[in-house]
Amino acid sequence: MNPRLDFFGNALAAKVMRHINSAGRAVTDSGLPHTTQELVKIRASQINGCGFCTDMHVKDAAAAGETPVRLHLVAAWREASVFTEAERAALELTEQGTRIADAAVGVGEDVWANAAKHYDEDQLVALVSLIAVINAYNRINVINQQPAGDYQPGQFG
């Protein structure tokens, strides 16, 4: 499989990605736990069918010490006992924030209230921003048919 466009070699793509990457760095440097950040990126990528991002974030999480059991259970987090209540709230917000069009209300008040029980305002800003950023990456990679499987942990810094 070959990508439709060379996003890593195109000058305009580089400018666009620089801005998205800058937003991603702001989230990475926020007070949102890094474990939660990786779980959110994995779950949104799974929902969106983005193999490239799923590959990247599973490998980065594993390299950072995430357990194989938790990584294998991200897609079935509701039935898994290995996630904290805060992580579960973040994963549910991720699902509703990624599937906005699937519900008439977008993100439900109960989901928002649950997330707000576990995260302060800055962490909520980081969480909402992260969901938006990973969805942007997912859409670029899915539309471009960016192949998955060759990513090396830390490849992009």
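The values are calculated or read from the model by the stated rules, or taken from the named source; none is laboratory data. Note that the structure is a prediction, hence the values are computed from the model and not measured. Cβ coordinates were reconstructed from backbone atoms using ideal geometry, including for glycine residues, and neighbour counts include every protein chain displayed. These area figures cover heavy atoms from the full protein model, side chains too; ligands, DNA and RNA do not enter into them. Shrake-Rupley method; radii C 1.70, N 1.55, O 1.52, S 1.80 Å.
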Only one of 132, 113, 76 that is modelled with pLDDT of 95 or more, in a helix (DSSP H, G or I) and open to solvent by less than 50 Å² (accessible area, probe 1.4 Å): 76
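With respect to residue 90, determine if the residue is assigned to a helix (DSSP H, G or I) and either modelled with pLDDT under 95 or open to solvent by 40 Å² or more (accessible area, probe 1.4 Å) (or both). If you could, list the steps in order and put the result at the bottom.
Numbers: assigned to a helix (DSSP H, G or I): yes; either modelled with pLDDT under 95 or open to solvent by 40 Å² or more (accessible area, probe 1.4 Å) (or both): no.
No: the conditions fail for residue 90.
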Region 21-63, residues that are of a type in the set (Ser, Thr, Tyr) and either farther than 15 Å from residue 73 by Cβ or open to solvent by less than 30 Å² (accessible area, probe 1.4 Å) (or both): 22, 28, 30, 36, 45
In region 116-129, the residues that are closer than 22 Å to residue 66 by Cα and part of a loop (DSSP other than H, G, I, E, B): 119
Where a residue in region 124-153 is under 26 Å from residue 86 (Cα atoms) and its partner, wherever it lies, is open to solvent by 40 Å² or more (accessible area, probe 1.4 Å) and among the hydroxyl-bearing types (Ser, Thr, Tyr), with Cβ under 6 Å and at least six apart: none
Hits in region 135-157 - residues which are of a type in the set (Gly, Ala, Ser), surrounded by 12 or more Cβ atoms within 10 Å (Cβ to Cβ) and not in a helix (DSSP H, G or I): 148
Residue ID - farthest from residue 138 (Cα to Cα), chosen from residues in region 93-106 that are in contact (Cβ under 8 Å) with a residue 24 or more places away in the chain and either in a helix (DSSP H, G or I) or hydroxyl-bearing (Ser, Thr, Tyr) (or both): 93
Flag if residue 82 is outside any helix (DSSP H, G or I), closer than 15 Å to residue 36 by Cα and of a type in the set (A, V, I, L, M): yes
Pair list, Cβ < 6 Å and 6+ apart or interchain, from region 107-120 residues that are aliphatic (A, V, I, L, M) to residues that are assigned to a helix (DSSP H, G or I): 107/96; 107/97; 111/92; 111/93; 111/96; 115/89; 115/93
